[in-house]
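The structure appears below as structure tokens.
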Amino acid sequence: MRRHFDPATVVTLMITLALFIIALFEKGLTHDLLLEAGVFLVSVKLVMAAYTGSVRTERLLNRLNDLEQGILRLEGLVLQLTKPQRQ
């Protein structure tokens, strides 16, 4: 999971969480806290979207590597079959 989160993302999330906790104690359970919670949830959503994109990209790269290996195997077979045989 660490390979999907760069240090800047982790730092940003921690700062946002710290500011949210400070706002919770500073403002209490008031209407303004909903705004702070919204900002925090947007940050979490952005991190989740980045994580999902990273996982999907890695999965796609694995599939592309598998396809490349299959094509190389097929090319090798075609070369073997089309090579003139010496008698």
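Given a Förster radius of 35 Å and the C-beta distance between Ala50 and Lys83 as r, what FRET efficiency does 1/(1 + (r/R0)^6) yield to the nearest 0.05? If you can, show how the numbers build up before the last one.
Working: r = 49 Å, r/R0 = 1.41.
E between Ala50 and Lys83, to the nearest 0.05, is 0.10.
Among Leu35, Leu61, Leu77, determine the one that fluctuates most according to a GNM of the chain built with springs between C-alpha atoms less than 10 Å apart.
Leu77
What do you get for the angle between helix 7-27 and the principal long axis of the chain? Use alpha-carbon atoms, 0 to 90 degrees, nearest ten.
20 degrees
Using only Cα atoms, find the angle between the long axis of helix 31-82 and the longest principal axis of the chain, and express it within 0 to 90 degrees, rounded to the nearest 10.
0 degrees
Do the sum for the chain: with -39,500 (n - 2.57) for every DSSP H run of n ≥ 4, divided by all residues, what is the mean residue ellipticity at 222 nm, to the nearest 500 deg cm²/dmol?
Helices in the chain give a 222 nm mean residue ellipticity of -31000 deg cm²/dmol.
Any read-out appearing in this document is the output of simple, stated calculations on the displayed coordinates, not a laboratory observation. Only a predicted model underlies this, so the values are computations on that prediction, with no experimental measurement involved. Here Cβ is always computed from backbone atoms with ideal geometry, including for glycine, and neighbour counts include all displayed protein chains.
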